[in-house]
1. Considering Cα pairs under 8 angstrom that are at least six residues apart, work out the relative contact order of chain B and quote it in whole percent.
2. Say the cut-off is 28 Å between C-alpha atoms; which of A:K252/B:K204; A:K132/B:K204; A:K89/B:K204; A:K140/A:K252; A:K190/A:K222 go over it?
3. Kindly identify the protein assembly as shown as rounded, prolate or oblate by the Cα gyration tensor criterion: order the square roots of the eigenvalues as a ≥ b ≥ c, call it rounded if a/c is under 1.5, otherwise compare a/b with b/c, prolate if a/b is larger, else oblate.
4. Angle check, please: helix A:2-29 long axis (alpha carbons) against the longest principal axis of chain A (alpha carbons), in degrees 0 to 90, nearest 10.
5. Looking only at A:L123, A:L70, A:L258, which one moves most when chain A is put into a Gaussian network model with springs between Cα atoms under 10 Å?
6. Taking every pair of alpha-carbon atoms in chain A, give the share separated by more than 32 Å as a whole percent.
7. For chain B, what does -39500 (n - 2.57) per DSSP helix run (n ≥ 4), summed and divided by total residues, give at 222 nm, in deg cm²/dmol to the nearest 500?
8. Once the Cα atoms of helix A:68-86 and of chain A are each reduced to a long axis, what angle between those two axes, in degrees from 0 to 90 to the nearest 10, is obtained?
Amino acid sequence: MAGLRRVILQCALLLVVLLIVLSIYGAFRGAEAAQVFFNSIPVGVYWVVFAVLLTVSIGIFPRLLKVPSLLLIHTGCLCILFGGLYGSKSVMQWSDRLGSAGPSIRSGRMILYEGETDNRVMLEDADPRIGKLPFALRLKDFRIEYYDAPQVIVESDDKQVWHIPAEAGIEYPLGDRGTVTVLGVFRNLKLAMENGQMVPYDHPGPDSNPAVHLLFLAPDGKEEKRFAFSFPGGGHGTGPWSVQYSPPGMIKDYFSDLEVVENGQVAECKTIEVNDPLYYGGYFFYQDSYDSAEMRYTVLRVTSARGLVWVFLGFAQVVVGLFWHFWILRRRGI
Amino acid sequence: MDLKPTVQGGMIYATMACWVIAVISSIAKRIGPARILFFVGFLLASAAWVYRWIDVQHVPMQNLFEVFLTLGVLIWPIWLFSWRVLDIRSFVSDLVIGLIVLFPAGFVFHAEPQRLPPALQSWLFAPHVAVYMISYVFMARAMVQAIGVWMLCPPGMPDPRTLDSERATYQMARLGFPLLTLGLLLGSVWGQRAWGDYWGWDPKELWSLASWLVYIGYFHFRYMNGTRYPRVNSLWAVTGMVFIVITLLWVNLSRIFPGLHNYAT
């Protein structure tokens, strides 16, 4: 038996070294290729052999059964392997073929327009198909929060300065100099001729000409429309004002207000953001991307929760087992 | 070379100066002043770290400058813990590790304050990085002891001094390894919450897995053979630290490994 145990230990060491080599190979290949590689059939065989070896080890090493910390660590590794395999693309495809009632969408993306409801998911992993959720999601609102809120800096000819929030519709008092109203905020301002008048509009595409359209109203009722741009000296006009637009800075967070619609009823509402997904019906919904040109839609990443409980249960076992074994038992010389 | 003529830079340079003088004092057998200088350096490094936190308005562990500054702060408390609790009587090597980790913070990496991108705004950010940093210091100390085994161990039977270094390597590794695992777990939980994958096969993740596996190999080899092959045991520990350095530096700085963790430069 001692000889068999030694052989098993040597095999375990060999498998560990092999996984080190495979990990380095995967790192050089990049995340996408590595994912395909580690989910391929030969490496799948490796995972199964690893799991079998762990199971055999627990059976034939009495120490693993007698020392609870070691048992936790090794069964934890088994749980992680089981959860990983159970939630893997290959196993999900096989269970789909066998007619499993489980979820068939492993991961994908949804595009949701504001006010619209949808249940279609564009599948990932080079799968061109569209998956359908057994419920739908509605996007009520999508918004972005910035570290520095956009603002307009207005300076009068007597050097008084006002900082005005750059939000369309805001009317702001300028002391005894009247008021200023923000008529429109543009990421990429262009002008078009309509009925003989120049009309501002936001041109789709990257933010290359951020600007704000302003209306100054003097106490005597005199009106003046001006544009404020992001560069100094922008905003030509005849009034006693100097204006500059400070566009939004770095994005702080993205938010999507979602409703889960099932059987025509709203089953759940949640505002998701980065690091705070929605979980419903065995799926997680993550804030992934958005319509950077016109802010009309949000992009959600959808992933199945299949196998996740086993993976995290295994992780917890391994961590607890290691601290118990190396920090507590070892100090007592066990 | 990126010199920092700022208050924060001054504190880092002052820490390094204290520790260089402490090394010289220690070599000159002036242990008392050397220990005081080690502690003063720790206070200065801590002040630089707190200053940075106030300056950037988040826990300073976002980029490599902040990470190396954090490592510098951890050197003295871990030395004290090892001395008092584990009875590992190293000193100059800890100062040298401290100087090595503060050098990139003082002279290599830029210190411009950066705001946290959305993915880093998580309660898992600080514990994930902090746990890794503490484990890295333990593993660096394990490597120093392991190098000592190679320097001390004559061919043939190991002598008692060699075995002391071998056991010290093991003591350091057994303290660092659960933390290394916890760092991996916290990263995995965070990945699940931020990106939807507890494991993304990203180059940094794969190198950190490889580092973790090297220590798995070390513990299993040592379990099989005990202290019969101290040089081989030590080789595992040194390899583990080399992999950690690759995970921490090469993966982030090299364009060979594009991935989700590349913001951390």
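1. Dividing the mean separation by the residue count of chain B yields 17 percent.
2. A:K132/B:K204
3. Taking the square roots of the gyration eigenvalues as a ≥ b ≥ c, the protein assembly as shown is oblate.
4. The helix A:2-29 is inclined about 20 degrees to chain A.
5. A:L70
6. 56 percent
7. That comes out to -24000 deg cm²/dmol.
8. 60 degrees
FYI, it's all coordinate maths here, none of it is from the lab. These numbers were taken from a predicted model, which means no experiment stands behind them.
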